[in-house]
1. Starting from the Cα coordinates of the stretch 2-68, work out the convex hull volume and express it per residue in Å³.
2. Using C-alpha positions alone, give me the convex hull volume of the stretch 30-69 per residue in cubic angstrom.
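Every read-out reported here was derived from the displayed coordinates using simple, explicitly stated rules and does not represent laboratory data. Just so we're clear, the structure is a prediction, and the values are computed from it rather than from any experiment.
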Amino acid sequence: MANKKLKSLGIVDNRIKNVEWVFQFNDDEPLMIVNYPNGNRQLRITIGDTTNSNLMFFDGKGNSFKIFAREKRKK
């Protein structure tokens with residue numbers, strides 16, 4: 001019933017039923033990070049403020065993508 005009400009208002013429920021989270025390099029095949037972490041339907045990524053705080057992704061072809069903490073650069 002709720003979906004019909006949403007549609008009648010022009011609102012689309014675009015939630016993914018069987019969700020997994022992925023990352024992608026360019027147009028390569030997406031690679032899965034995780035699905036349903038701890039039974040939740042949200043993926044939360046937290047990177048701390050220390051020199052060893054980072055998150056890295058590898059595509060298996062020698063490419064990597066890194067998110068990390070660093071000291072702010074002076075302008």
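1. Normalising the Cα hull of the stretch 2-68 by residue number yields 158 Å³.
2. 90 Å³
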